[in-house]
Amino acid sequence: MKLSFTVLLFLCFSSLFFAQESSCSCCTSNHNDFDFWIGSWRVINKDGTLAGTNIIQKIQDNCILKENWTSAKGNFTGTSFNFYNGTTKQWEQLWIDNQGGNLHLKGSRKENQMILQSEESINKNGQPFYNRISWTLNDDGSVRQLWETITNNKDITIAFDGLYKKVE
């Protein structure tokens, strides 16, 4: 009797473990909010020139969007990891590039846009600023990325404005 109780207890815990192991922890609609950015892209500047290429793919059991950016000249590269933080109920991006730059953004999707921004920092002139980046899904499937730097909570400078077009 003691052996069969032990076996039964083992089976119960095993089924619990395997049920948790196979559950999809990143399958909510919130986790899919940024899926419109997935793909291989040519990124075009406002003046029509090539800014670079970008490959966005889901990794880690669909829990993370990984970005691999290469500038048109190939001398500037960067990677970001984008994920929905279930604890804070918002999206986060961690960006690191080959020139030592980094950026941590947080935010959420609003209609056809993902809008993320950094914490406030102080610029070289002693003024408070933050970065805001929005990705807008267009009707034709292209995506516009607009990176703005907001100083003194009112002065907006455009750091980047590019149009993502899927590579066929």
Worksheet item: Within the set of pairs 6+ apart or on separate chains, which have a first residue in region 88-111 that is aromatic (Phe, Trp, Tyr), a second that is exposed (fewer than 14 other Cβ atoms within 10 Å of the Cβ) and not in a strand (DSSP E or B), and C-beta atoms under 8 Å apart?
Response: 95/101
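Yes/no per residue for (1) within 16 Å of residue 26 (Cα to Cα); (2) assigned to a strand (DSSP E or B); (3) of a type in the set (Asp, Glu):
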{"site": "52", "(1), (2), (3)": "no, yes, no"}
{"site": "58", "(1), (2), (3)": "yes, yes, no"}
{"site": "66", "(1), (2), (3)": "yes, yes, no"}
{"site": "78", "(1), (2), (3)": "no, yes, no"}
{"site": "82", "(1), (2), (3)": "yes, yes, no"}
{"site": "87", "(1), (2), (3)": "yes, no, no"}
{"site": "92", "(1), (2), (3)": "yes, yes, yes"}
{"site": "106", "(1), (2), (3)": "no, yes, no"}
Worksheet item: Are any residues in region 101-121 charged (D, E, K, R) and within 12 Å of residue 84 (Cβ to Cβ), and if so, which ones?
Response: 106, 109
Practice prompt. Go through region 110-168 and count every residue that is closer than 24 Å to residue 45 by Cβ, assigned to a strand (DSSP E or B) and small (Gly, Ala, Ser).
Written response: 3
Worksheet item: Are any of the residues in region 96-116 in contact with a His (Cβ under 8 Å, 6 or more places away or on another chain) and either at pLDDT below 95 or not β-branched (Val, Ile, Thr) (or both)?
Response: no
Worksheet item: Any chance region 78-87 includes a residue that's in contact with a Phe, Trp or Tyr (Cβ under 9 Å, 6 or more places away or on another chain), among the small types (Gly, Ala, Ser) and under 20 Å from residue 163 (Cα atoms)?
Response: yes
Worksheet item: So, of the residues in region 48-62 that are within 13 Å of the chain's Cα centre (by Cα) and surrounded by fewer than 16 Cβ atoms within 10 Å (Cβ to Cβ), which turns out to be farthest from residue 95 (Cα to Cα)?
Response: 62
Discussion item. Out of 37, 41, 69, I need the residue that is under 20 Å from residue 112 (Cα atoms), surrounded by 10 or more Cβ atoms within 10 Å (Cβ to Cβ), in contact with a Ser or Thr (Cβ under 7 Å, 6 or more places away or on another chain) and modelled with pLDDT of 65 or more. Which one?
Written reply: 41
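The values are calculated or read from the model by the stated rules, or taken from the named source; none is laboratory data. What you see is a predicted model; the values in this text were computed from it and never measured. Note that we place each Cβ from the backbone using ideal geometry, even for glycine, and neighbour counts take in every protein chain shown.
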